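Just so it is clear, none of the values below were taken in a lab; they were calculated from the coordinates. All values derive from a computational prediction rather than experimental measurement. Here the Cβ is made from the backbone with ideal geometry for all residues, glycine too, and neighbour counts use every protein chain on show.
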Amino acid sequence: MLPRLLLIHQHFGFQGGAEQYLFSISEELSQRFELHLIYATGTGKREADFAAPFTSVSRLADINAGLDAYIESLKPQLIYLHKCTDPLVFRGALDSGIPAIRMVHDHDVYCMRSYKYFPWSREPCNHKAGSACFIPCMGFVQRDRNANCLGVKLKSWSDQKELIELDQKLHAHLVGSHFMRTELIRQGYDAEKIHIVPPVPRPMQASVSSDFAASNHLLFIGQIIRGKGLDCLIRALQKVDKPFHLYVLGEGSHRSHCERLADSLGLSDRISFKGFLPHSEMLPYFEHASAVVFPSVWPEPFGAVGLEVMRWGIPVVGFDAGGVRDWLVDGVSGRLVENRNIPALSRAINNILGDKEETRRLGLSAKGFVQETFNFESILERQSQLLKSLMQLA
């Protein structure tokens, strides 16, 4: 009989990176554990496919007997939280007497704004949650266009503090990067209970290699939101003196702003916004890419998209933001530049486009680096053994 594992996550379906990772790792873990899933909200995005790795799937609101009774009936050997900010779930897990752990996908639990930077400057916040959440952050003031005529609502610090305290009582935390381990320690978490398990994406079956064409194709892949820094990339491209064409593969609330910015800088004919594309439709873009640019400015917990393109021998150029430096090693897997330093990003892109021999070398180096350092099977085995050892904490 396989060990029984209860996973709890906010969303059900292919909503974003956290859901994609949860699905892919669950497909593999289902060979080693009996998996059960509780979720809070559906997404309507391929939910039937998303359910495949799990023996059972339950919506939290539909558990009529309550979470405590459900856990008592299921009798899992480990409770594995993913994205979750519901204090009732934390209490239920803690009160069960069963070892409970969490994969830390982001900053939601200990940051009132959730993205861990100051919104007016995008300067990363290096403070412990507390007084800095009021001054200078004013994190208790939240934008909500539906709240009132002012378009804002107030968030409770006492609720946030309670959530942090509940989270700190869990038996262990899994984080994706050294940066996230440091951040949790800053927030008062027990260093001995923090385990680094990079959220390495499962390799795609398709095989792609770039010809590094003279057309100098650049790619941006991901959500077009303010923290992902596409506007910084567009400004950097204004100073690039080599021919190029940027393909933006993604969608998000900052798209219209970035389209207007590209137009105002005279770059609209050199930047194509392609919208959200499934992985299979991205492949043709990789065949001619000189580099993928990762201009994220928020403190990235990891940034798994970088590993996906490096597997195909494509180097990455990006800002030194959060956990990015774990996989983007300057001169090894691409070019890493100071966070939000737009002139430095321009120079790095110019160098990538201007020296094809060096770009090919970086691509081959990146491919070897990711295969050795972020091998999916090795990290899967590490996580599996860790989960089994944590089950013994009961």
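Numerical summary
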read-out: Alpha-carbon spread of region 1-153, three principal axes, descending order, Å; value: 53, 34, 29
read-out: For LEU7, distant residues with modelled amide H under 5 Å away; value: HIS36, LEU37, ILE38, TYR80
read-out: Dimensions (Å) - the chain, Cα atoms, principal axes, largest first; value: 64, 52, 38
read-out: Net length gained if the chain between GLU165 and SER280 were fully extended (0.36 nm per residue, minus Cα distance); value: 37.2 nm
read-out: Convex hull (Cα only) mean projected area of region 217-373, reported in nm² to one decimal; value: 8.0 nm²
read-out: All-pairs Cα distance distribution in region 125-266, expressed in whole percent, bin size 10 Å; value: 9, 21, 27, 26, 14, 2
read-out: At 1.002 mPa s and 20 °C, Stokes D of region 78-139 from Kirkwood alpha-carbon radius, µm² per second; value: 162 µm²/s
read-out: Estimated D of region 1-65 in µm² per second, where Rh is the Kirkwood radius over Cα pairs and Stokes-Einstein applies at 10 °C, 1.306 mPa s; value: 134 µm²/s
read-out: Distant alpha-carbon pairs in region 148-203 (separation over 19 angstrom), percent; value: 46 percent
read-out: Dmax and Rg, reported as Rg then Dmax, of region 188-269 (C-alpha, Å); value: 17.7, 52
read-out: Part-to-part distance (alpha-carbon centres) for region 205-255 and region 1-44, which is given in Å; value: 31 Å
read-out: Separation of alpha-carbon centers, region 93-121 and region 271-315, rounded to whole Å; value: 26 Å
read-out: Antiparallel bridge percentage (DSSP; both residues within the chain; nearest 5); value: 10 percent
read-out: Ranked packing of 309-319, 228-238, 356-366, most packed first, by mean Cβ within 10 Å; value: 309-319, 228-238, 356-366
